[in-house]
Amino acid sequence: LPGLVVTLIIAYLFGSIPFGLFLTRAAGLGDIRQIGSGNIGATNVLRTGNRPIAAATLLLDAAKAAVAILVARTLLYNPNLPVGGDAALPLYLAALGAFLGHCFPVWLGFKGGKGVAVMIGSLLTLSWPVGLIFCGVWLLIAFTRKLSSLAALTAAATAPIFAYVVVDEWLAATAALLAILLFYQHRENIMRLIAGTEPKIGSEKKAS
Ligand code: G3P
């Protein structure tokens, strides 16, 4: 049990690194929390107009979840055990820890991101086919509807189903937990989507 708690804490610390904030500041684009939706994620970094910095934010936010899971694997996971099932619980805990760290970072007064990149990084690391399906659903909705939040909400809502079909109920439960948290973090986006005021990708209109 102490090992699981340490895993959770280490993963939280990796997840809490606010790459979006660091990169926009380093690029001289100002404080991302004062721009657009105020979110520290790649979608909002894109609103600065700097695509490379937005792409780097997406990559690094996904990578920190992957690193947290790989650290958990190295520390706790017995590679001789079969993949999937409750034996992989430390890896699922690491994904949860990274997600909580990203969304509720102690360094930013617990006001962090919305978890999309972290969910992508986690799923790709835990089961790359499930991660690729998540990206596919995201891209499909993003390109057809031009709404980043709707794309993420759809991908997250369908992820537990694909996780169940491709892997097992343990990964499905993990994906469901992450999806619930992701929906909670998107509560303002959901209200704007219902009201029809959510800004489209590439539009000049900024969210309040
Ligand atoms: O799912 C995309 C999400 O990150 C939306 O970000 O900045 O539009 O609230 P934002």
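The values are calculated or read from the model by the stated rules, or taken from the named source; none is laboratory data. Model, not experiment: these values are computed from the prediction. When we count neighbours, we look across all protein chains shown, and the Cβ atoms used for this are built from the backbone with ideal geometry, even at glycine.
Considering the stretch 34-53, the residues that are among the small types (G, A, S) and within 14 Å of the chain's Cα centre (by Cα) include one that is farthest from the ligand (Cβ to nearest atom), namely A42. For Y184, the conditions (1) at pLDDT 95 or above; (2) part of a helix (DSSP H, G or I); (3) surrounded by 21 or more Cβ atoms within 10 Å (Cβ to Cβ) are fulfilled apart from (3). Within the stretch 21-43, being farther than 30 Å from L89 by Cβ, in a helix (DSSP H, G or I) and either among the aliphatic types (A, V, I, L, M) or at pLDDT 95 or above (or both) holds for L21, F22, L23, T24, R25, A26, I32, R33, Q34.
Residues of the stretch 1-33 that are within 13 Å of the ligand (Cβ to nearest atom) and among the polar types (S, T, N, Q): T24 alone. Entry remark, the stretch 47-62: residues being among the hydrophobic types (A, V, I, L, M, F, W, C) and either surrounded by fewer than 17 Cβ atoms within 10 Å (Cβ to Cβ) or modelled with pLDDT under 95 (or both) number 2 in total. Applying the condition of being closer than 18 Å to I69 by Cβ, β-branched (V, I, T) and in a helix (DSSP H, G or I) to the stretch 135-181 and asking which residue is nearest to the ligand (Cβ to nearest atom) yields T174.
Among residues of the stretch 136-155 that are at positive phi, those with a Cβ under 7 angstrom from a residue that is outside any helix (DSSP H, G or I), sequence gap 6+ or separate chain, pair up as K146/K200; K146/I201; K146/G202. Listed by first and then second residue, the pairs linking a residue in the stretch 181-202 that is over 11 Å from L153 (Cβ atoms) to a residue that is within 8 Å of the ligand (Cβ to nearest atom) and among the hydrophobic types (A, V, I, L, M, F, W, C), with Cβ atoms under 7 Å apart and 6 or more places separating them unless they lie on different chains, are R192/A207; P199/A207.
For the stretch 51-62, a residue qualifies if it is of a type in the set (A, V, I, L, M, F, W, C) and touching a helix residue (DSSP H, G or I) at 6+ places or on another chain (Cβ under 6 Å), and the qualifying residues are I53, A54, A56, L58, L60, A62. Residue pairs whose Cβ atoms lie under 6 Å apart, separated by 6 or more positions or on different chains, with the first residue in the stretch 97-117 and of a type in the set (K, R) and the second within 11 Å of the ligand (Cβ to nearest atom) and part of a helix (DSSP H, G or I), are K114/Q185.
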